[in-house]
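Notes follow once the structure below has been shown.
The values are calculated or read from the model by the stated rules, or taken from the named source; none is laboratory data. Keep in mind it's a predicted model, so treat the numbers as computed, not measured. Cβ placement follows ideal geometry from the backbone for every residue including glycine, while neighbour counts extend to all protein chains displayed. The area values use the complete protein model at the heavy-atom level, side chains included, leaving out ligands, DNA and RNA. Shrake-Rupley method; radii C 1.70, N 1.55, O 1.52, S 1.80 Å.
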Amino acid sequence: MTGTLYGVGLGPGDPELVTVKAARIIGTADVVAYHSARHGRSIARRIAEPYLRTGQIEEHLVYPVTTETTEHPGGYAVAMEDFYRESAERIAVHLDAGRDVALLAEGDPLFYSSYMHMHTRLTARFSAVIIPGVTSVSAASAAIATPLVTGDEVLSVLPGTMPVRELARRLADADAAVVLKLGRSYPQVREALSMAGRLDEAFYVERASTDAQRVLPAGEVDADGVPYFSLAILPGGAGGSATSGRSGRVKPATGGVAVVGLGPGDVDWMTPQSRQELAAATDLIGYGPYLDRVPTQPGQRRHPSDNTDEPERARLACELAEQGRAVAVISSGDPGVFAMATAVLEEAKQWPDVAVRVIPAMTAAQAVASRVGAPLGHDYAVISLSDRLKPWDVIAGRLSAAAEADLVLAIYNPASKSRTWQVAAMRDLLLEHREPGTPVVIGRDIAGPRESVKIVRLGDLDPADVDMRCLLIVGSSQTQWYGDTVFTPRRYPA
């Protein structure tokens, strides 16, 4: 009869935080296995030492490499794979002989633990029992004596080894967060916290629950001395002061308006700064479908309106800001490109005490261009076909001038339910200066759920293919098109 493999969670470091069940399994197991670096000092064994008994077999599994370089011919990955395979074979010998093995793991065995490598290699042949342990996350929360999350807040657990920009994006979004695996990665983690605008909220906790525990503001840590067993912790709303909002972010002391761009559709294309402004706002103002793209925050007020009510939206934003509210006016794409920034700034001239900030974002032309290559690789003009705010004669004159100058054109607002003839008129004007074979990119709902991209010849452009969800890119005489790729070379012939 084979033995049983026990994955034993030891908790964060204090031997008194070892559970009763874990202590019993450690004391009764035939074999106790644990890891260490090449220096031989095992944190796991030190935690478990009060519960060991005389006569137990100990299997000391020494990592061949941790953060240093290795001379293994296969490099780090192969060196570690060989180590885990050989370690599993050593443990399997005991299990085959009918001995129960307690494999020790700091924290919890299935939470960023080395035990998992043994589990996946051994459980196809042997029975395994997991003894959960207190994680370092709970210990760190206790160390700062602050609740991590309350109510409907969500806790994000992130590895510090993530790329800096991705880590910053996730931190900007988080209600509360814990960043593990620090050590050498701490400078990048601190940079990500700073990029997300949340460095001042974060704590650094080192060796939580042990005699060597240290707690510091995350921005005051000497990055050269950060051990692997440390973490950065960003508490949720309960960690803030009475004047703080969600996730402890301090609200502006006086009112103001931030005109915030959401990007073209995909939430991953929204900038960390935009996310931070939206989370910090007391009031959100915008076209209803755009507001639906913004996560709901406790206590925020939403003011949806029709897409044509731009002056009214701007007026409401200034009224609320003068009352001391922190207002975010949202736009799809970039707020300064045929969007709300102009309307708000125009209205704000009547409100001298209201500060207005514009938060940029990716605009639709860039999003559409990215789907086919680089049609905007050279000089280009951006023109709106909407004649609701300017006469068609002005639009036609600009189209002709840009076409005569051989500029690539990014066409915003090409059509709507009430504007159905402008696309054909534009096509006919451009054909006076462009070859019929000039590529036209029709991008619809880019990065949205109904995205589609179509490339047609200018001479074949059918207005029926274009609606209010579209943006068009019309190539110049130099724009090249092959297959699904369109690009405009940066060199222009002499």
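Among 161, 146, which is hydroxyl-bearing (Ser, Thr, Tyr), open to solvent by 30 Å² or more (accessible area, probe 1.4 Å) and not in a helix (DSSP H, G or I)? Explain how you work it out, then say what you get.
On the way: 146 fails: open to solvent by 30 Å² or more (accessible area, probe 1.4 Å).
On inspection, the qualifying residue turns out to be 161.
Considering the stretch 364-402 alone, what residues qualify as being in a loop (DSSP other than H, G, I, E, B) and open to solvent by 20 Å² or more (accessible area, probe 1.4 Å)? Give the steps one after another, and end with the answer.
If we filter the stretch 364-402 for residues that are in a loop (DSSP other than H, G, I, E, B), which is where we start, we get 375-379, 385-391.
Passing the criteria: 376, 377, 378, 379, 386, 387, 388, 389, 390, 391.
For residue 351, which of the numbered conditions (1) part of a loop (DSSP other than H, G, I, E, B); (2) more than 29 Å from residue 168 (Cα to Cα); (3) in contact with a Lys or Arg (Cβ under 8 Å, 6 or more places away or on another chain) fails to hold?
Condition (3) is where residue 351 drops out.
Going through 137, 101 one at a time, which residue ends up being open to solvent by less than 40 Å² (accessible area, probe 1.4 Å), in contact (Cβ under 8 Å) with a residue 12 or more places away in the chain and touching a His at 6+ places or on another chain (Cβ under 6 Å)?
Details: 137 fails: touching a His at 6+ places or on another chain (Cβ under 6 Å).
Testing whether each residue is open to solvent by less than 40 Å² (accessible area, probe 1.4 Å), in contact (Cβ under 8 Å) with a residue 12 or more places away in the chain and touching a His at 6+ places or on another chain (Cβ under 6 Å) leaves just 101.
For residues that are over 37 Å from the mean Cα position of the chain (by Cα) and open to solvent by less than 20 Å² (accessible area, probe 1.4 Å), scanning just the stretch 1-21, find the one that is farthest from residue 96 (Cα to Cα).
Of everything passing the filter in the stretch 1-21, 5 is farthest from residue 96 (Cα to Cα).
Quick check on my filter: what residues within the stretch 315-341 are part of a helix (DSSP H, G or I) and within 30 Å of the chain's Cα centre (by Cα)?
We begin by selecting, within the stretch 315-341, every residue part of a helix (DSSP H, G or I); these are 315-322, 340-341.
Of everything in the stretch 315-341, those that are part of a helix (DSSP H, G or I) and within 30 Å of the chain's Cα centre (by Cα) turn out to be 317, 321, 340, 341.
Name the residues in the stretch 186-210 that are closer than 14 Å to residue 276 by Cα, assigned to a helix (DSSP H, G or I) and of a type in the set (A, V, I, L, M, F, W, C), would you?
192, 193, 195, 199
On the basis of being out of contact with any helix residue (DSSP H, G or I) (no Cβ under 9 Å at 6 or more places or on another chain), open to solvent by 30 Å² or more (accessible area, probe 1.4 Å) and modelled with pLDDT of 95 or more, does residue 93 make the cut?
Details: out of contact with any helix residue (DSSP H, G or I) (no Cβ under 9 Å at 6 or more places or on another chain): yes; open to solvent by 30 Å² or more (accessible area, probe 1.4 Å): yes; modelled with pLDDT of 95 or more: yes.
Judged against the criteria, residue 93 is a match.
Can you pull out every residue in the stretch 434-479 that is open to solvent by 40 Å² or more (accessible area, probe 1.4 Å), basic (Lys, Arg) and part of a loop (DSSP other than H, G, I, E, B)?
Selection gives 450, 469.
It is to be established whether one or more residues within the stretch 24-45 are open to solvent by 20 Å² or more (accessible area, probe 1.4 Å), part of a helix (DSSP H, G or I) and of a type in the set (Asp, Glu).
Among the residues of the stretch 24-45, not one is open to solvent by 20 Å² or more (accessible area, probe 1.4 Å), part of a helix (DSSP H, G or I) and of a type in the set (Asp, Glu), which makes the answer no.
In the stretch 265-278, is there at least one residue being in contact (Cβ under 8 Å) with a residue 12 or more places away in the chain and within 14 Å of residue 327 (Cβ to Cβ)?
yes
Please verify whether the stretch 417-440 includes one or more residues that are within 24 Å of residue 367 (Cβ to Cβ) and among the small types (Gly, Ala, Ser).
no
Quick one: in the stretch 279-301, which of the residues that are more than 24 Å from the chain's Cα centre (by Cα) and open to solvent by 30 Å² or more (accessible area, probe 1.4 Å) is nearest to residue 268 (Cα to Cα)?
Per the stated criteria, the residue is 287.
Please find, within the stretch 403-414, the residue that is nearest to residue 366 (Cα to Cα) out of those that are aliphatic (A, V, I, L, M) and open to solvent by 10 Å² or more (accessible area, probe 1.4 Å). Steps first, please.
From the stretch 403-414, those aliphatic (A, V, I, L, M) are 403, 405, 407-411; that's our starting set.
Next cut, open to solvent by 10 Å² or more (accessible area, probe 1.4 Å) only: 405, 407.
Values: 405: 21, 407: 16 Å.
Only one residue tops the list, namely 407.
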